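Undergrad: Got a structure here, written out as C-alpha cells. Questions coming.
The values are calculated or read from the model by the stated rules, or taken from the named source; none is laboratory data. Just so it is clear, the structure is predicted and the values come from calculations on it, not from any experiment. Positions of Cβ are backbone-derived with ideal geometry, glycine not excepted, and every protein chain shown enters the neighbour counts.
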Amino acid sequence: MFRAAFARADVGLAVLDETGARLRAANPALCALLGYPAGMLAGRPLADLLAPGETPGDGIRFWRRADGAALDVRVRRNGPVLTVEAVDPDAAAHSEENREALAAAGLGEWRWVRASGRVILSRRAAQILGQPAGTAPTWDTLRQAMPEEAMERLAAAVRTSLAEGAPYAFEGPLRRIDDGRTVVVATRGQPIRGPDGAVTGIAGVLQDITTRVQARDELVARDHRLRAATSIARLGIFEWHMLEDQALWENERMFEIFGRTPEDGTIGKSEFLDDILHPDDRDRVRSAISRALREDDILHVTGRVRRKSDGAWRTIDMAGRFERDAPNRLPRRLIGVVADVTDRRTAEERQTLLIRELHHRVKNTLATVQAIVGSTARTASSIESFYEAFVGRIKSLAHTHTVLTEDTWQTASLRDLLANELKPYAEEDGAAGAADERVVLLGPDLDLPSEMAVPVGMAIHELTTNAAKYGALSNRRGRVTVTWSLEPGEAAGILHFRWRESGGPPVQPPRRQGFGSRLLQRVLTAQVQAEVVTDYAPEGFSLTMRAPLPVRNRTLNPLAG
C-alpha cells in the first residue's frame with residue numbers, strides 16, 4: 001500500500017539511504033519533475049541533482065534537471081523521505097532574506113483576508129501602524145485611524161482595484177494606534193483570487209513616507225517662496241536646455257518681458273541671439289555665454305531685446321548658472337533670471353542729466369547773480385538803492401526756481417516763467433510791453449502743465465543766461481522780445497514760441513556745442529517733443545519752437561477730488 005501511494009503521489013518523493021547522500025528510490029513524479037525517465041533516479045547521488053554551489057537542506061533550493069537546466073524547488077525532509085515540489089518564480093524569490101530586505105527598505109507586508117475581514121500584518125507593517133506585533137486588526141479598525149477624506153480616497157482606489165482586478169497605489173495620513181501620532185503612509189495592493197477566480201483578499205506592501213513627504217512639502221514651500229520673491233522683484237525665471245536648444249519659462253513674467261503669450265511659445269538660444277537680441281549686442285552676449293561656459297562662472301549680461309507685442313526695444317539684465325550632470329562633463333542646461341531694467345536705466349540717465357543740470361544751473365545762477373550785481377551797481381545811485389534793487393532781483397530769480405520745483409501736478413504760467421527769469425534785466429520804470437523796454441513779452445495767458453513747464457522753464461533760464469553772458473542782455477542797449485501763441489493741432493493745441501534778441505554785440509555762431517546748447521536741444525526735443533530752430537544772425541540770436549501741449553489727465557492728479 002505504501003509503495004502504491006509512493007508511486008501515485010502528485011508531488012516528487014525520494015527515499016535516501018542510510019548515509020543521506022544517495023537516493024534509494026524516487027517516484028515517477030520526481031523523475032518527471034527533473035526530466036528523467038521513470039526509475040532512472042534510483043541509486044544516484046543526491047549531489048548530482050543539486051545545482052553548482054547548492055547544498056542539501058530544507059526550504060527553497062536550486063536543483064538541476066537532466067538537461068542541465070536549473071530549477072527552483074521546495075524541499076521538505078521527514079526522516080529519510082524528501083518531498084520535492086516545483087516553486088513559482090515569485091514564491092522562490094520570497095525568502096526570509098527577502099523579508100529582511102523589505103524591512104531594511106522600510107517596507108512592511110500586509111494581507112487582507114476577505115472571509116474574516118482581518119488584515120494580517122508583518123512585523124514592519126505592524127510597527128508602521130502602531131499595532132502590536134502578531135495582531136490582525138479588522139478593516140474597520142484601520143478605517144477609524146484615517147481622516148475621512150483620506151479614507152474616501154483609499155476606499156475608492158480599493159473598489160476600483162477589486163472591480164478591475166488591477167493593482168492600486170495610495171498615499172495619505174494615518175493616526176498610529178499606539179501613540180496617536182500622525183504619519184504619512186504609502187501602500188500598494190493587488191487583489192488575490194481563488195481557484196474559482198473570485199477575489200479572496202488583497203496583498204500588498206506598506207511604507208512610512210512621512211519624512212519624504214515633509215521634505216517634499218518643504219521643497220514645494222521653498223519653490224513657492226522663491227516664486228513669490230521673484231514675482232515681487234518682477235524677475236522672469238527660465239531654463240535653457242542646451243542640447244535641444246529649448247527653453248522652459250517658469251513664470252508669467254518671462255512672457256511679459258518678451259511681450260509673448262503662452263501660445264507664442266518660448267525662445268531658444270538661436271532665436272534669441274539671431275532675431276530677438278539687438279544686432280549691436282549679439283557679439284557681446286555670445287562672448288559672455290562662452291566665457292561663463294569656459295570658466296564655469298555665473299553668466300551676467302545686459303542687452304536690448306525687441307518685444308513681440310509692440311516691437312519696442314527693452315533693456316534686460318540676465319543672470320544664470322550652467323548646470324552639469326557630473327563633474328568635468330559638458331553643461332546640459334542654464335538656469336537663470338531676467339529683469340526688464342529699461343525704466344531703471346531711463347531713470348538713471350534722467351538722474352544723471354538732472355545732476356549735470358543742477359551743477360550747470362548753479363553755475364549759471366552764480367553767473368546771473370554776478371550779472372545782476374554788475375547791472376545793479378552801474379545804475380544804483382547809493383548803497384541803499386543798490387541793496388533794494390539787488391535784493392528784489394535776487395528774489396525774482398529765487399521765485400523762478402520755486403515755480404520750477406513746485407508740486408508735480410501744479411501748472412505754471414508761461415508769462416510768469418518768462419517774467420520772473422527776465423525781470424532782473426528789465427527796466428524798472430518801463431511799462432509792460434513798451435517799445436523802449438529791454439524785455440518785451442507778447443502772448444496770451446497760457447498755463448503749462450508741470451511736465452512741460454519744467455523743461456520750458458529750464459530752456460528759458462538757459463536762453464536768459466546766454467543772453468546775459470554773450471547776447472542782448474550783456475549790455476545796456478540790448479533787447480529781448482518773446483512772443484508766443486497757441487495754434488490748433490494735436491489734442492490740446494500747439495505752442496508757438498519765439499525768442500528774439502537785438503541790440504546786443506554782433507553774434508557769431510559758436511565754434512562748438514557746449515553743454516548748455518546740448519541741454520537746450522535735448523530738453524526741448526526729448527521732453528516736450530518740440531521742433532526747435534536756432535538762428536545766429538549777426539544782428540541778434542533767435543530761437544523758434546513749436547511743441548504740442550500734453551493732455552491733462554485729472555484722474556491721475558492726487559489733488560483732484
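Undergrad: Consider only pairs whose beta carbons are under 7 Å apart and that are at least six residues apart or on different chains; among these, list those whose first residue lies in the range 28-39 and is in the same structural domain as T83 (by TED's automatic domain parsing) and whose second residue is of a type outside the set (D, E) and part of a helix (DSSP H, G or I).
TA: Sorted first by the residue in the range 28-39, then by its partner, the pairs are P28/A7; L34/L49; P37/C31; A38/P28; A38/C31.
Undergrad: Could you list, in sequence order, all residues of the range 39-77 that are of a type in the set (D, E) and over 60 Å from the mean Cα position of the chain (by Cα)?
TA: In the first step, residues of the range 39-77 are kept if they are of a type in the set (D, E); the result is 48, 54, 58, 67, 72.
Answer for the range 39-77, where residues must be of a type in the set (D, E) and over 60 Å from the mean Cα position of the chain (by Cα): D48, E54, D58, D67.
Undergrad: Taking interchain pairs and intrachain pairs at least six residues apart, which have beta carbon atoms under 6 angstrom, with the first residue in the range 414-440 and β-branched (V, I, T) and the second assigned to a helix (DSSP H, G or I) and at pLDDT 85 or above?
TA: From residues that are β-branched (V, I, T), the pairs are V439/L422.
Undergrad: Among A221, A136, which is modelled with pLDDT under 85 and in contact with a Leu (Cβ under 8 Å, 6 or more places away or on another chain)? Let's see the steps before the verdict.
TA: On the way: A221 fails: in contact with a Leu (Cβ under 8 Å, 6 or more places away or on another chain).
Among A221, A136, only A136 is modelled with pLDDT under 85 and in contact with a Leu (Cβ under 8 Å, 6 or more places away or on another chain).
Undergrad: Does R332 meet the test of being surrounded by 11 or more Cβ atoms within 10 Å (Cβ to Cβ), under 17 Å from H241 (Cα atoms) and of a type in the set (D, E, K, R)?
TA: Working: surrounded by 11 or more Cβ atoms within 10 Å (Cβ to Cβ): yes; under 17 Å from H241 (Cα atoms): yes; of a type in the set (D, E, K, R): yes.
Criteria met by R332.
Undergrad: Could you go through the range 152-166 and let me know if any residue there is of a type in the set (G, A, S), in a strand (DSSP E or B) and at pLDDT 85 or above.
TA: Initial filter on the range 152-166 (of a type in the set (G, A, S)): 155-157, 161, 163, 165-166.
If we keep only those that are in a strand (DSSP E or B) too, we end up with none.
No: zero hits.
Undergrad: Output the residues belonging to the range 46-66 that are touching a Leu at 6+ places or on another chain (Cβ under 8 Å) and not in a loop (DSSP other than H, G, I, E, B).
TA: L46, L49, R61, F62, W63, R64
Undergrad: Here are the criteria: (1) part of a loop (DSSP other than H, G, I, E, B); (2) modelled with pLDDT under 80. Tell me which single one A91 does not satisfy.
TA: The one condition A91 does not meet is (1).
Undergrad: While we're looking at this one, here's another question. Are any residues in the range 466-505 in a helix (DSSP H, G or I) and touching a strand residue (DSSP E or B) at 6+ places or on another chain (Cβ under 7 Å), and if so, which ones?
TA: Let us first name the residues in the range 466-505 that are in a helix (DSSP H, G or I), namely 466-469, 472-474.
Of everything in the range 466-505, those that are in a helix (DSSP H, G or I) and touching a strand residue (DSSP E or B) at 6+ places or on another chain (Cβ under 7 Å) turn out to be A467, A472, L473.
Undergrad: Can you confirm whether the range 35-48 contains a residue that is modelled with pLDDT of 90 or more, touching a Gly at 6+ places or on another chain (Cβ under 6 Å) and closer than 23 Å to G68 by Cβ?
TA: No, that holds for no residue.
Undergrad: Of (1) more than 16 Å from V75 (Cα to Cα); (2) within 60 Å of the chain's Cα centre (by Cα); (3) among the hydrophobic types (A, V, I, L, M, F, W, C), F6 satisfies all except one. Which?
TA: Checking F6 against (1) more than 16 Å from V75 (Cα to Cα); (2) within 60 Å of the chain's Cα centre (by Cα); (3) among the hydrophobic types (A, V, I, L, M, F, W, C), the one that fails is (2).
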